[in-house]
Amino acid sequence: MRILIIGGGGFVGQKLARAIAERGSLRGTAVSHLALADIVGPEDIAAAFPVTTHTLDIAERDQVDAIIAQDWDVIYHLAAVVSAQAEADFVAGMRTNFFGTFNILEACRTRVEVPVLVYASSVASFSTDVPQPIQDWTATTPQTSYGTQKAIGELLLSDYTRRGFIDGRGVRLPTVVVRPGKPNAAASSFFSSIIREPLQGDPAMCPVDVEQEVWLASPRVTVENLVRVAEVESEAIGALRNFSLPGMTTTVGAMLKALETVAGENVIGLVDHERDPVIEKIVQGWSSTLLTDKADELGLIRDESFTRIIEEFIANDMRPADSA
Ligand SMILES: NC(=O)c1ccc[n+]([C@@H]2O[C@H](COP(=O)([O-])OP(=O)(O)OC[C@H]3O[C@@H](n4cnc5c(N)ncnc54)[C@H](O)[C@@H]3O)[C@@H](O)[C@H]2O)c1
């Protein structure tokens, strides 16, 4: 089993790589090679099988052809210019999210063996402009350039699968919380910051109303579902190749309440509130109520509570106190 993770230097890519290293197998076969490719040289990970790291810009067709020519059984495409950055810099978003995705699909098309391709789409493919709750088959009416680029990738993935060029599985990730490390350029970044920073003793800014709803999932559940999505048989997915990963609907206020329950009043005091109309507009356009029938049928999992998500962050991802 040869696995390539494109975007393997990112948050989800690194966690997925570690999960695969721990399992040692995928689709019932022992992993013989795991490759991590990213525009920023990915961090190596320890595994009982060979792991290689590659610097790759998916917008450069020749680079994509060269790596995909190495015949992978499963390819994860997780590389992206994230939401707020793609909104601020239209060309950068199109370059990676649209042309980069197209390059990956085209490179796969010319292979003799048909790879399983798991594509990380986003809840941002949908919007609040259509009747809620969102179903797997609801029309994608994105309200950001990022969401539009993700939705284009979904359509292409469907057609490349229908044509037999790939065995594609497009999954719409909820906002993944709590993201460790530093804030990133996603408009959703603050959903993690308001939990992560106070727990680590740092101040945080909440740019939206506490009543703001969000559709989220933990890193643990997201990674486990990415593994399961690669494992299911193609026939079990059927013609609808893009579907939502399980998440939970909550509000910023409920997240802060859970933080207070886990960590106490002093920690909550580190969160300040100042609304940012740019972030607010992007986040308000994302649906927070999704039905996940396909994922449920396929046996994907969901988080039990936001309190548990916080506890998992403390146990697995919190910055050590002496490195503040
Ligand atoms: N984390 C979330 O909350 C979330 C929610 C919905 C969808 N997603 C999607 O899931 C995927 C993984 O998300 P993440 O949180 O790990 O993001 P991330 O930003 O941590 O990782 C994405 C990686 O893509 C790489 N990249 C960017 N441009 C590239 C290019 N031209 N060529 C090669 N690599 C490039 C970046 O260097 C980064 O390491 C992304 O596609 C993202 O859009 C994430």
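Taking a point 7 Å from the Cα of Val130 along the Cα-to-Cβ direction, the residues of the stretch 234-260 with backbone N closer than 12 Å to it are 243-244. Restricting the stretch 110-205 to trypsin sites (Lys or Arg not before Pro) that sit in a DSSP loop and have at most 10 other Cβ atoms within 10 Å of their own Cβ leaves Arg163.
Shown here for the stretch 1-73: GluC sites (Glu not before Pro) in loop regions (DSSP other than H, G, I, E, B) with at most 16 other Cβ atoms within 10 Å, namely Glu43, Glu60. Computed from phi, the 3J(HN,Hα) profile of the stretch 239-244 under the Karplus parametrisation 6.51, -1.76, 1.60 (θ = phi - 60°) reads 6, 7, 7, 10, 8, 8 Hz, with x in place of Gly and Pro. Based on the convex hull around the alpha carbon atoms, the stretch 23-102 presents an average projected area of 6.1 nm². In this calculation the C-beta distance from Val91 to Asp276 is compared with R0 = 30 Å, giving a FRET efficiency of 0.80.
For the stretch 110-134, the residues whose amide N sits under 13 Å from a probe point set 7 Å from the Cα of Asp296 along the beta carbon direction are 133-134. Equivalent ellipsoid of the chain: semi-axes from √(5λ) of the C-alpha gyration tensor, largest first, are 31, 22, 19 Å. As a length-normalised measure over Cα pairs under 8 Å and 6 or more apart, the relative contact order of the stretch 111-225 settles at 26 percent. Note down the Stokes-Einstein diffusion coefficient of the stretch 13-67 in µm²/s, whole number, using a Kirkwood radius over alpha carbon pairs, 10 °C, and 1.306 mPa s. Calculated translational D: 132 µm²/s.
Put simply, the amide H of Thr52, placed in the peptide plane, has neighbours under 5 Å in Leu34, Ala35, Leu36, leaving out anything fewer than 5 places away on its chain. Think of each Lys and Arg Cβ as +1 and each Asp and Glu Cβ as -1; about the Cα centre, that makes the dipole of the chain roughly 580 debye. Alpha-carbon geometry of the stretch 62-201: the Rg and the Dmax are 16.3, 53 Å, given in that order.
Take every pair of alpha-carbon atoms less than 8 Å apart whose residues are at least six positions apart; their mean separation over the length of the stretch 1-96 yields a relative contact order of 32 percent.
For the chain, the relative contact order comes to 18 percent (Cα pairs under 8 Å, sequence separation of at least 6). Oblate is the label for the stretch 250-305. Its Cα gyration tensor axes, ordered a ≥ b ≥ c, give a/c of at least 1.5 and b/c at or above a/b.
Counting 0.36 nm for each residue step from Thr55 to Glu43 and taking away their Cα separation leaves a gain of 3.2 nm.
Quick note: the coordinates plus some simple rules give every number you see, no bench work behind them. Because the structure is predicted, anything quoted here is derived from the model rather than measured. Don't worry about glycine lacking a Cβ; one is built from the backbone with ideal geometry, like all the others, and counts go over all protein chains shown.
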